[in-house]
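Taking it in order: structure first as structure tokens, then the write-up.
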Amino acid sequence: MVSRLLTLLVVIAGWIPAQPARPSLTAEQIARRVQDRDTGRDSRAEMRMKLFDRHGRVRERAMTIVTLRGRDNPGAARTAPDGDRLLIRFTYPNDIRGTGFLVWEHPKTDDERFLFLPSLGRVRRIAGSEAQESFVGSDFTYEDIGGREFDDYSYALESENASWTGSDGTAHPAWRLESRRKDAAAAFPRVVSLVLKDTFLVVQADIYNRRNEGEKVYSVRRIQQVQGIWTVFDSSMANTIDKTKTDLAVEKVGYNVGLRDDAFSRRELESGT
């Protein structure tokens, strides 16, 4: 789901107001609170992506991300679509400029994902079977960016007494939550995440492949509040087997900026601007 992308970013993502700790919550309730947390009616962000290969060589990309919350979320506008919307547009460098990724969330049916490649001049629909493939050559997947279907996973609480230390050196109480894909054939069927108790923000995730090897690690390095909403400003996804890494940094972000549903159309995706 789109709102869940922003658990990993994004995308892209993971922006929520502080809430009181709820130590008695079940694993499913924690996962649902992560998915349904308040991220404003809409948002616009400018981000920088750095891709490191196994030799430490780096490629840099710039992108904009806009989101719109669906009517099924608290605080959403009455004119909002049924489900969340997300549009990513790459603006740098020239070889990827104009490439776009659009997500339409549907609360009662499968989400739709579309990728626009200017070099081909057409939109390609991303099938559900491709959800765990690499997103434009990064260590993130389409599912990481476009969000996971809540009902595709089962949940278990591994620890109620975990913690996460932020960039300021402060330790924050957290749950350790296991999410297991119901489809055992998925490329990454198991994820163990750290969820902050005061914000329901995912700040770390160990991602396991079909051999139950820890293949990827998502890490948040810095969070801060913007307009009263907690925002991930610095994060990374590292592949411990391939020895690659993708860093994401927020350069500018604003919430409740007045976006409308027509900003998330296929026509807008194909405009490349």
Practice problem: Using the structure shown, decide if residue 199 is modelled with pLDDT of 90 or more, assigned to a loop (DSSP other than H, G, I, E, B) and under 28 Å from residue 82 (Cα atoms). | Solution: yes
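To keep it simple, each residue is scored yes or no on (1) of a type outside the set (D, E, K, R); (2) in a strand (DSSP E or B); (3) surrounded by fewer than 19 Cβ atoms within 10 Å (Cβ to Cβ); (4) in contact with a Phe, Trp or Tyr (Cβ under 7 Å, 6 or more places away or on another chain).
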{"position": "186", "(1), (2), (3), (4)": "yes, no, yes, no"}
{"position": "206", "(1), (2), (3), (4)": "no, yes, yes, no"}
{"position": "221", "(1), (2), (3), (4)": "no, yes, yes, no"}
{"position": "245", "(1), (2), (3), (4)": "no, yes, no, yes"}
{"position": "254", "(1), (2), (3), (4)": "yes, yes, yes, no"}
Quiz item: Any chance segment 31-53 includes a residue that's assigned to a loop (DSSP other than H, G, I, E, B), surrounded by fewer than 22 Cβ atoms within 10 Å (Cβ to Cβ) and more than 19 Å from the chain's Cα centre (by Cα)?
Solution: yes
Quiz item: Would a scan of segment 127-139 turn up a residue that is within 20 Å of residue 259 (Cα to Cα), under 14 Å from the mean Cα position of the chain (by Cα) and surrounded by 18 or more Cβ atoms within 10 Å (Cβ to Cβ)?
Solution: no
Quiz item: Any idea which of 17, 23 is surrounded by fewer than 19 Cβ atoms within 10 Å (Cβ to Cβ), closer than 21 Å to residue 226 by Cβ, of a type outside the set (A, V, I, L, M) and modelled with pLDDT under 60?
Solution: 17
Quiz item: Conditions: (1) among the hydroxyl-bearing types (Ser, Thr, Tyr); (2) under 24 Å from residue 84 (Cα atoms); (3) out of contact with any Leu (no Cβ under 9 Å at 6 or more places or on another chain). Residue 208 meets all but one. Number of the miss?
Solution: (2)
Self-check item: Residue list for segment 160-174, filter: part of a strand (DSSP E or B) and either of a type in the set (S, T, N, Q) or under 22 Å from residue 93 (Cβ atoms) (or both)
Solution: 161, 163, 165
Self-check item: Per-region count, segment 174-192, residues at pLDDT 95 or above, farther than 17 Å from residue 139 by Cα and either among the small types (Gly, Ala, Ser) or touching a Ser or Thr at 6+ places or on another chain (Cβ under 6 Å) (or both)
Solution: 5
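The values are calculated or read from the model by the stated rules, or taken from the named source; none is laboratory data. From a predicted model like this one, the values you see are computed outputs, not experimental measurements. Neighbour counts run over all protein chains shown; Cβ positions are idealised from the backbone, glycine included.
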